[in-house]
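Worksheet for the structure shown next.
The values are calculated or read from the model by the stated rules, or taken from the named source; none is laboratory data. As the structure is a prediction and not an experimental result, all values here were calculated from the model. So basically every Cβ, Gly included, is an ideal-geometry build from the backbone, and we count neighbours across all protein chains shown.
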Amino acid sequence: MKLLEIKNLRKSFDDLEVLKDISMDVNEGQVVSILGPSGSGKSTLLRSALDPELTAEILKVLKKLAEEKMTMVIVTHEIAFARSISDHVVFMDGGVIVEQCKPADVIDKPSNVRTKAFLKKLEQ
Ligand SMILES: Nc1ncnc2c1ncn2[C@@H]1O[C@H](COP(=O)(O)OP(=O)(O)O)[C@@H](O)[C@H]1O
Ligand SMILES: [Mg+2]
């Protein structure tokens, strides 16, 4: 069964065309890896392509894996989700780790000004 269908997807940021006519399918049970150099559009593809329903499905699966004590390293902008399932949170900016500790500490009481600014931006 086709779980995800992307057809002729395009995305630009102002003058920068980041996704140019992307088409791909993901079928149930498939593991798909998206590879490519930094800046090639991987993150943009996942943010445009994933509708809220599919995002929720994926978060549910990750939560289950976390409950089964699967060791995972997750890169995400889903802050509330990261807070709820993580034992440890690492916040990076500009090539350095600016803060790392228990999720409640970083997310509810960020001590670093860059962490604060980032969390505020995501809230909007
Ligand atoms: N919110 C944004 N505003 C402007 N440009 C962006 C934004 N997000 C990504 N880009 C640009 O889009 C291109 C693809 O970025 P991205 O999807 O993050 O690539 P990847 O995840 O493969 O490194 C890069 O040139 C990046 O600078
Ligand atoms: Mg990326």
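Just one of the listed residues (L46, L65, L35) is exposed (fewer than 15 other Cβ atoms within 10 Å of the Cβ), in a helix (DSSP H, G or I) and within 16 Å of ligand 1 (Cβ to nearest atom), and it is L46. For segment 94-101, the condition holds for no residue, the condition being that it is of a type in the set (G, A, S) and either surrounded by 13 or more Cβ atoms within 10 Å (Cβ to Cβ) or outside the structural domain of E123 (by TED's automatic domain parsing) (or both). Taking segment 102-115 as the range and being at pLDDT below 90 and not polar (S, T, N, Q) as the test, the residues that pass are A104, D105, V106, I107, D108, K109, P110.
Each row is one residue, and each column tells you yes or no for (1) away from ligand 1 (no atom under 15 Å from the Cβ); (2) exposed (fewer than 13 other Cβ atoms within 10 Å of the Cβ); (3) part of a helix (DSSP H, G or I); (4) in the same structural domain as E5 (by TED's automatic domain parsing).
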residue	(1), (2), (3), (4)
Q30	yes, yes, no, yes
L59	yes, no, yes, no
V73	yes, yes, no, no
R83	yes, no, yes, no
D105	yes, no, yes, no
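The number of residues in segment 1-28 that are exposed (fewer than 10 other Cβ atoms within 10 Å of the Cβ) and at pLDDT 90 or above comes to 8.
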